[in-house]
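Take a look at the structure below.
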Amino acid sequence: MYKSKFIPFAFLFVLLSSTGFSDNNPFFKKMQVMGESRIMRTRIMIAPVISFYKINANHASNPQQKMSGLFSWRQEVRLTHKHNMYFLFGAEYMVHGLNFNSYYFKPDSIQLYTGSMNYTYSLYVHEIDVPLQLKLCFNHENNARFTPYFIAGYHFRILLDGNLKVKQDGELIQKTFEVISFKNPLFSKRNNPFVSVTLGIQKNDLKTFRKAVFAEVTYRYGFSPYLLKDTFTPSSLYITGNHLTIGLGFKF
């Protein structure tokens, strides 16, 4: 009984010994072809965010960007046998923010817009974005070490609660989780899309066809300004924000 169980393992050992363990043997070449033919890959990316803000000059002034960043998880689906067209979908978390000067109205006070905006606001916006993108490569990923590419996309945005601090002469007078909404909502006050264009370059692993590293620059254009509205803020505090991300990622 013991000998009969040992025979399959002995046969497997002889087979592997005869083929060898070199990357050039037929067994490993077959595995490479299998890797090359995979339809779906995963892309992980981190990126700093450069934001371009424009604020309602009647109620605020001097917008200055705060440190911002993005984390992206996307699935990449190959659409052609030529390895030059892909569909991407997934989820991204982006946090961005700005400092600006504005009014602050204390409870039960009369809201007078005197032009004296001597309160400093510090705002962070958190959002979840759902990208739907089409990627076009300038050469084939399966036979080139470097592949430049272009991506165009549509992103559905979901705003989370923001972080807001208000100071006067350096003294903190307000700190709160703030509901940030869109001036022109889509399905709800926290939903609106933006479109994006991306230029990138990818370094391919031609030995296994399974891994790659990439760098890409993406410009994101939003269709609606953000709206910050609370009892102590001006009534029409609109903030237009478009974003540039410079990402570095890994594909597997």
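The values are calculated or read from the model by the stated rules, or taken from the named source; none is laboratory data. Since the structure is predicted, the reported quantities are computational estimates derived from the model, not experimental observations. Methodologically, a virtual Cβ is constructed for each residue, glycine included, from the backbone with ideal geometry; neighbour enumeration extends over all protein chains shown.
Show the residue pairs that are 6+ apart or on different chains and have beta-carbon atoms under 7 Å apart, the first residue being within segment 173-197 and within 30 Å of A215 (Cβ to Cβ), the second being part of a loop (DSSP other than H, G, I, E, B).
Here the result reads N192/N184; N192/P185; N192/L186; N192/F223; N192/S224; P193/L186; P193/F223; F194/F223, each pair linking segment 173-197 to a residue that is part of a loop (DSSP other than H, G, I, E, B).
Which of the residues belonging to segment 239-252 are modelled with pLDDT of 95 or more and of a type in the set (F, W, Y)?
Passing the criteria: only F250.
Across segment 70-120, what is the number of residues that are charged (D, E, K, R) and within 27 Å of P193 (Cβ to Cβ)? It would help to see each step written out before you state the result.
From segment 70-120, those charged (D, E, K, R) are 74, 76, 78, 82, 92, 106, 108; that's our starting set.
When the remaining residues are screened for being within 27 Å of P193 (Cβ to Cβ), the result is 74, 76, 78, 92.
Counting residues in segment 70-120 that are charged (D, E, K, R) and within 27 Å of P193 (Cβ to Cβ) gives 4.
Looking at I158 and the list (1) among the β-branched types (V, I, T); (2) surrounded by 19 or more Cβ atoms within 10 Å (Cβ to Cβ); (3) touching an Asp or Glu at 6+ places or on another chain (Cβ under 7 Å), which single condition is not satisfied?
(2)
Touching a strand residue (DSSP E or B) at 6+ places or on another chain (Cβ under 8 Å), modelled with pLDDT of 95 or more and either surrounded by fewer than 13 Cβ atoms within 10 Å (Cβ to Cβ) or small (G, A, S) (or both), is that true of S61? Working first, answer last.
On the way: touching a strand residue (DSSP E or B) at 6+ places or on another chain (Cβ under 8 Å): yes; modelled with pLDDT of 95 or more: no; either surrounded by fewer than 13 Cβ atoms within 10 Å (Cβ to Cβ) or small (G, A, S) (or both): yes.
No: the conditions fail for S61.
Would you be able to say whether some residue in segment 130-140 is surrounded by 19 or more Cβ atoms within 10 Å (Cβ to Cβ) and within 19 Å of G69 (Cα to Cα)? Outline the logic, then answer.
Taking segment 130-140 as the starting set, the residues that turn out to be surrounded by 19 or more Cβ atoms within 10 Å (Cβ to Cβ) are 131, 133, 135, 137.
In the following step, the residues that additionally are within 19 Å of G69 (Cα to Cα) were identified as 131.
Yes, segment 130-140 contains at least one residue that is surrounded by 19 or more Cβ atoms within 10 Å (Cβ to Cβ) and within 19 Å of G69 (Cα to Cα).
Out of all the residues in segment 58-97, which are assigned to a strand (DSSP E or B), of a type in the set (S, T, Y) and within 21 Å of E216 (Cβ to Cβ)?
Quick first cut of segment 58-97, residues assigned to a strand (DSSP E or B) only: 60-65, 69-78, 85-97.
Checking which are of a type in the set (S, T, Y) leaves us with 61, 72, 86, 93.
Of everything in segment 58-97, those that are assigned to a strand (DSSP E or B), of a type in the set (S, T, Y) and within 21 Å of E216 (Cβ to Cβ) turn out to be S72, Y86, Y93.
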